[in-house]
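Below are the structure tokens for one structure; questions will follow.
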Amino acid sequence: MRVGVIVFPGSNCDHDCAHVLREVFKAEAALVWHKETSLRGYDAVILPGGFSYGDYLRAGAIARFSPVMRAVEGFAREGGLVLGICNGFQTLLEARLLPGAMVRNRSLQFICEDVHLRLENATTAFTRAGQPGRVYRMPIAHAEGCYIADPVTLRTLEDTGQVVFRYCTPEGEVTEAANPNGSLGNIAGVCSRAGNVLGMMPHPERCAEVVLGNEDGRLIFESLLGRLAATSVAGVTARR
Amino acid sequence: MVIARVYVTPKKGVLDPQGKAVLQALQALGYGEVEEVRVGKFMELRLGELPEAEARSRLAEMCEKLLANPLIEDYRVEVERAR
Amino acid sequence: MGDPPITKALIEAHGLTGEEYARILALLGREPTYTELGIFSVMWSEHCSYKSSRVHLRRLPSSGPHVVQGPGENAGVVDIGDGLVAVFKMESHNHPSFIEPYQGAATGVGGILRDIFTMGARPIACLDSLRFGDPALPRTRYLVRGVVAGIAGYGNCMGIPTVGGECSFHECYNGNILVNVFCVGVAPRDRVFLGRAAGVGNPVIYVGSRTGRDGIHGATMASEEFDAGEEGPRTTVQVGDPFTEKLLLEACLELMSTDCLVGIQDMGAAGLTSSSVEMAGRGSVGVELDLDQVPLREPGMSPYEIMLSESQERMLLVARAGREAEVEAIFRKWDLQVAVVGRVIAEPLLRVRHGGAVVAEVAIDPLTRGAPSYERPAARPAYLERVARLSAAEVALPGDLGGTLLMLLGSPNLADKRWVFRQYDHMVGTNTVVLPGADAALLRVKGTRRGLALAVDGNHRFCYLDPRRGAALAVAEAARNVVCLGAKPLGVTDCLNFGSPENPEIMWQFSEVVDGIAEGCRELGLPVVSGNVSFYNETSGVPIYPTPTIAVLGLLEDVSGHAARGFCQEGDPVLLLGETREELGGSEYLKAVHGLEAGGPPRLAWDLERAVQQTCREALARGLVRPAHDCAEGGLGVALAECTFGSGLGARVRLTEGIRPDALLFGESASRIVLSVPEAHAGEVEALARVQGAPCQAIGRVGGDRLVIEGLVDVPVSACREAWARGLERQVLHV
């Protein structure tokens, strides 16, 4: 069971993701340079946060042409698990692996703070350890996190359960005041139709350790690693 | 040599928080006549020798692929021939 | 394009005095070339040579059991155990930030980050100390927005969290803001790299961005006063590229994991000149440069421009001969420029070639150790007599002390700085245990149980009223802030911001401040391992108040269980360590409520300070108390209110000292800490304080939703919080 964390020039949460996987969950994690062209040997891939290519032009716009993204696209098409966090989410949008786009925060400012999230879909590989409707606290840190999509796309996302997280109050109410960046429908995370690709603006890797005072982010890693463990056991059984 | 000027602007109807902020600032400065502001990007590209039609089609491709995000942005290209 | 002739006007334009120029003639035995004139000008500028401050800085203690590297390198280094060291420094970027706040502040962050990773340490946190002018001025708002956005823009993109600092306002900074940036990194003790050239024949390699015409003469600009009306020459402003710096950081750390590297230094102020000269100077060797090999951004740059350019995101390094290809491969991998631009030579001189000709040849020593050093005249300022006196009769007691507390909580200097901090990514790196806004920031050190506590402090008003005591108080408070998280202070870095050293009164302030820092550091056993001096912070002859910023780094043995703060348990006894005297001099209250800046700053008794710090640290280490809170600007009243903000729990307190109620609530007596303690441990804490010799009194209990100070104040916690939380927006940003 091996998770690849992609390193684009300017990624800066790559080490944080690898740290949580290795030190907190004792999983095998490797940093994958953006010029790699194959993801053979990986069971899941994380596109970490940061400022790939300085966020110049648009966040994620240049990274999406990195050689490794071809491989990520193929990996996702074959049902591989792909998680994009923050800048990784932006890159997945630019690469059209997820629908919609990001524009600048309503306030025009970079915002770093804890937000509350309501889990809308607990059936994905990344959220299966959670309970639908439960509220999680995780930090955001971005300047371009206002999620938008055209009305048809938005409706489809809602109808097919592709909205995975929404910004909400600590009590779980989805309100305008609880929306930090102006995202349509308070959307904080969406998944692909098949559910194997998730993009989210909050940073679960920043809240997965007791020493940091918050462990709500464990949900994502526990779900992901749990699924991988289950499938690898199944794989072994099948081969027998 | 071909000089291309590419203007990328937020699509009509897409929220443009920068434009909104600039609009408010201008109005606060007394320019009440300003009704709308859209903030976009301007890029100047220098291309080697190639026929204008080909330059235009390749530029459109560049915009669709990288320079603009067609989901949220419109683009316009001006082409000029320089020596 | 020929070089201009060396005229008197040209020499003056380079900021060199007649005497200094005569010395150049004597050193060279001939007239300098234009390039040489430029080299002398930047190396002998105040910024690079510390010519007015060097004789004084020697008085600062700089050694100690934990010190691995003291002043003189790119940053200071202290041992933090487990085979690791902390590398830290603070630097000012005042003048550039006043001229162009976004880029000035951004490149300030870029510069200090390079100082840290050039030594082999991955930066793990930044803090900044910011001083702006009168909040009522529109320009102040513009500068605040620009500086904060610039710090955020650079640090966030680099992925280095900005975890704390201070931000305050005073009209003395109307024409000269202060942007002091602190950075700390962590490295293995045996992998610290120095800015030293060595090994004759070894290649000198240039890496990073290309060289452009930006920032030429930035180093001398930092050593000149502003004139009123003139907002400075915009052309010398450097533009930062944090993305390139991020690549440079990763590439340098990758190079450092090999054994190719001999020495490395950031090209900061005075670019290629200072980096090559200083590396040669520390290694007692020479350097020969071939400017034709330097990667340029625009054609036709003269040797003068190439040597003096302050283009950002560049480093100069010396590698082992024969390993050039490995170095090149690493920097190419990261899409960076890399070029061998010279060699280490035995003769101790800088020789510069361009277009085949030698355009400069200067001995190293006169540019470094032998640079001018002045013991400038100092005279006690006349204003001190005038401001020393404070008669209690002049200070009317406010009728509504509760209202006064709310007003103070919402005043620009005491109000919540969340608007600032939330624009900084303060969590990236996943080390931040205590978030911005506390007495100090706390970071865990990955791979160990330890934590680093970081605080920056300075009180310009205290330093104005009494530079020596003001500086000593800043050292005491910064150390106390670190102690409030349970950490043991290990080392200090400072940024000394002053007016013109050519003014004897400023020089006197400077000398006194150095003595105050030296006293504080000696009394608390703290070495000053790095630092920075910024002179000429004055406009039209009006200087800023003397403003030393002190940063203290502390070490916590066990970082777990530190994420909470403030009052957290109904019924907990509230203890006050230290004593409250009738001291109103220099207080925030006196300024904000009465418009007075007078009297002496609070007294400082080192025995008491040590006893209070020791008690607090010991009590935290034994797990007897909840997170502690330093009592500083705004006094005990404000400190108690701040303790309620985390949980919303109030307190009922009774203060028994027989002094003026406003001094009791808002006086800023030094050496005080507020503690809340589980009932069962209160006795043990009091006993511990007795052993240490620290006064300790139970002043009340946590509980309810009001802050009640019997007979004086009775206000809802929510009102305190609201005043505090909205203060900055109301008073400064007007949003």
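The values are calculated or read from the model by the stated rules, or taken from the named source; none is laboratory data. None of the values given here were measured: they were computed from a predicted structure. All Cβ positions, even for glycine, are placed from backbone atoms using ideal geometry, and neighbour counts span all protein chains on display. When the accessible area is computed, the model is the full protein with side chains, heavy atoms only, and any ligands, DNA or RNA have been set aside. Shrake-Rupley method; radii C 1.70, N 1.55, O 1.52, S 1.80 Å.
For B:Lys41, what accessible surface area do you get with a 1.4 Å probe? Give it in Å², rounded to 10.
Spelled out: B:Lys41, probe radius 1.4 Å, area about 70 Å².
Report, as an integer, the average count of C-beta atoms from other chains found within 10 Å of each Cβ along A:207-215.
Mean inter-chain Cβ contacts per residue within 10 Å come to 4.
Straight-line reach from B:Lys12: which lysines have Cα under 18 Å away, leaving out those fewer than 8 places along the same chain?
In chain and number order, the partners are B:Lys20, B:Lys41.
Follow-up. Taking amide H positions as placed in the peptide plane 1.01 Å from N, state which residues far from C:Asn174 in sequence (5 or more) or on other chains have amide H under 5 Å from it.
It is C:Asp134, by chain and number.
How many Å² of accessible surface get buried when C and A come together, counting both sides, probe radius 1.4 Å, rounded to the nearest 100?
The buried area between C and A, both sides summed, comes to about 2500 Å².
Which of A:Arg155, A:Arg70, A:Arg227 moves most in a GNM of chain A, Cα contacts under 10 Å?
It is A:Arg155.
What is the P(r) of segment C:493-532, as percent of Cα-Cα pairs per 10 Å bin from 0?
28, 50, 21, 2
What is the distance, in nm, between label points placed 7 Å from the Cα along the Cα-to-Cβ direction at C:Ala357 and at A:Thr169?
7.7
Could I ask something else about it? Roughly how crowded by other chains is peptide C:424-437, in terms of the mean Cβ count from those chains within 10 Å of each of its Cβ atoms?
Counting other chains' Cβ atoms within 10 Å and averaging over C:424-437 gives 6.
Percent antiparallel among DSSP beta bridges with both residues in the protein assembly as shown, to the nearest 5?
Of those bridges, close to 75 percent are antiparallel.
Where both residues lie in chain C, what percent of DSSP beta bridges are antiparallel, nearest 5?
80
What percentage of all Cα-Cα pairs in chain B are separated by more than 22 Å?
Roughly 40 percent, rounded to a whole number.
Please label the shape of segment C:231-364 as rounded, prolate or oblate, based on the square roots a ≥ b ≥ c of the eigenvalues of the alpha-carbon gyration tensor (a/c under 1.5 means rounded; beyond that, a/b larger than b/c means prolate, else oblate).
oblate
In addition: For chain C, please report how many Lys pairs fall under 23 Å Cα to Cα, leaving out neighbours fewer than 8 apart on the same chain.
9
For n ≥ 4 DSSP H runs only, could you compute -39500 (n - 2.57) per run for chain B, divide by its residues and tell me the 222 nm figure to the nearest 500?
Dividing the helical sum by the residues of chain B leaves -8500 deg cm²/dmol.
If I take R0 = 25 Å and measure r between the Cβ atoms of C:Ala687 and C:Glu570 in this structure, what FRET efficiency does the formula 1/(1 + (r/R0)^6) give, to the nearest 0.05?
0.55
Could you work out [θ]222 nm for chain A from helices alone, using -39500 (n - 2.57) per DSSP H run of at least four and dividing by all its residues? Round to the nearest 500 deg cm²/dmol.
-7000 deg cm²/dmol
Specify the inter-centroid distance of segment A:13-72 and segment C:282-327, based on alpha-carbon positions, in whole Å.
34
Now a separate question. Looking only at A:Arg106, A:Arg40, A:Arg128, which one moves most when chain A is put into a Gaussian network model with springs between Cα atoms under 10 Å?
A:Arg40
Write out the trypsin sites (Lys or Arg not before Pro) in segment C:8-84 meeting two conditions: DSSP loop, and at most 16 other Cβ atoms within 10 Å of their Cβ.
Taking segment C:8-84 and a limit of 16 other Cβ atoms within 10 Å, the loop trypsin sites (Lys or Arg not before Pro) found are C:Arg30, C:Arg58, C:Arg59.
Another one. Find how many whole Å separate the alpha carbon centroid of segment C:616-679 from the alpha carbon centroid of segment C:487-537.
Between the Cα centres of segment C:487-537 and segment C:616-679 lies a distance of 29 Å.
So how far apart, in nm, are the two label points at A:Ala129 and B:Leu26 if each is 7 Å from Cα heading toward Cβ?
5.2
Taking only Cα atoms, what is the 0 to 90° angle, nearest 10, from helix C:138-158's long axis to the longest principal axis of chain C?
Around 70 degrees separate the two axes.
Any idea what diffusion coefficient segment C:355-504 gets from Stokes-Einstein, in µm²/s, Kirkwood Rh on alpha carbon pairs, 4 °C, 1.567 mPa s?
Calculated translational D: 62 µm²/s.
Calculate, in nm to one decimal, what C:Glu375 and C:Arg54 gain on full extension: separation in residues at 0.36 nm each, minus their alpha carbon distance.
114.7 nm
Could you do me a favour and compute the accessible area per residue for segment A:2-239, 1.4 Å probe, result in Å²?
Result: 35 Å² per residue.
Membrane-span-like helices in chain A: DSSP H runs reaching 24 Å or more (Cα, own axis), mean Kyte hydropathy at least -1.0?
Span-like helices here: A:218-239.
With +1 on each Lys and Arg Cβ and -1 on each Asp and Glu Cβ, how big is the dipole of segment A:2-239 about its Cα centre, in debye rounded to the nearest 20?
Charge dipole, segment A:2-239, about its Cα centre: 640 debye, nearest 20.
Additional query: Pull out a ≥ b ≥ c, the square roots of the eigenvalues of the alpha-carbon gyration tensor of chain C, then state rounded if a/c is under 1.5, prolate if not and a/b is larger than b/c, and oblate in the remaining case.
Cα axes put chain C in the prolate bin.
May I ask you to work out the translational diffusion coefficient for segment A:1-117 at 20 °C, viscosity 1.002 mPa s, via Stokes-Einstein with Rh from the Kirkwood sum over Cα pairs, reported in whole µm²/s?
Calculated translational D: 148 µm²/s.
Let me ask something additional. Using the per-residue mean of other Cβ atoms lying within 10 Å as a proxy for protection, in what order, highest first, do the peptides C:647-655, C:503-511, C:368-376 fall?
Result, highest mean Cβ count within 10 Å first: C:503-511, C:647-655, C:368-376.
Roughly to the nearest percent, how much of the accessible area of chain C is carbon and sulfur, given a 1.4 Å probe?
50
Right, another one. Per-residue mean of other chain beta-carbon atoms within 10 angstrom of the beta-carbon, peptide B:15-21?
So the per-residue partner count for this stretch is 4.
What net charge do the residues around C:Gly199 carry, taking every other residue with its C-beta under 12 Å from that of C:Gly199, with Lys and Arg at +1 and Asp and Glu at -1?
+4
Could you order A:Glu94, B:Glu52, A:Glu171 by accessible surface area, starting with the largest, using a probe radius of 1.4 Å?
A:Glu171, B:Glu52, A:Glu94
Name the shape class, rounded, prolate or oblate, that the alpha-carbon gyration tensor gives for segment A:2-239, where a ≥ b ≥ c are the square roots of its eigenvalues, rounded holds for a/c under 1.5, and otherwise prolate holds if a/b is larger than b/c and oblate otherwise.
rounded
A follow-up question, please. Would you mind working out the accessible area per residue for segment B:2-81, using a 1.4 Å probe, and quoting it in Å²?
62
Hey, could you pull the Cα Rg and Dmax for segment A:75-138, both in Å?
Rg then Dmax for segment A:75-138, in Å: 14.0, 39.
Just A:Val82, A:Val20, A:Val210 to compare: in a GNM of chain A, with alpha carbon springs under 10 Å, which one fluctuates most?
Maximum fluctuation in the GNM of chain A, among the listed residues, is at A:Val210.
Additional query: Compute the long axis of helix B:17-28 from its Cα atoms, compare it with the longest principal axis of the Cα atoms of chain B, and write down the angle in degrees, 0 to 90, nearest 10.
50
Evaluate the protein assembly as shown: find the radius of gyration of its Cα atoms, find its Kirkwood radius, and give the ratio Rg to Rh.
Value, to two decimals: 0.97.
On to the next question. One-quarter of the Cα convex hull surface for segment C:592-656, in nm²?
That works out to 6.6 nm².
Where does each of C:323-335, B:27-39 land if you order them by average Cβ count within 10 Å, highest first?
For the peptides C:323-335, B:27-39, the packing ranking is C:323-335, B:27-39.
While we're on this one: Please determine, in degrees from 0 to 90 and to the nearest 10, the orientation of helix C:34-43 with respect to the longest principal axis defined by the Cα atoms of chain C, where the helix direction is its Cα long axis.
20
Still on this structure: Taking the alpha-carbon centroid of each part, what is the distance from segment B:16-83 to segment C:74-136 in angstrom?
Distance between centres, Cα-based: 37 Å.
While we're here: Order of C:378-390, C:702-714, C:441-453, C:154-166 by packing, highest average Cβ count within 10 Å first?
C:154-166, C:441-453, C:702-714, C:378-390
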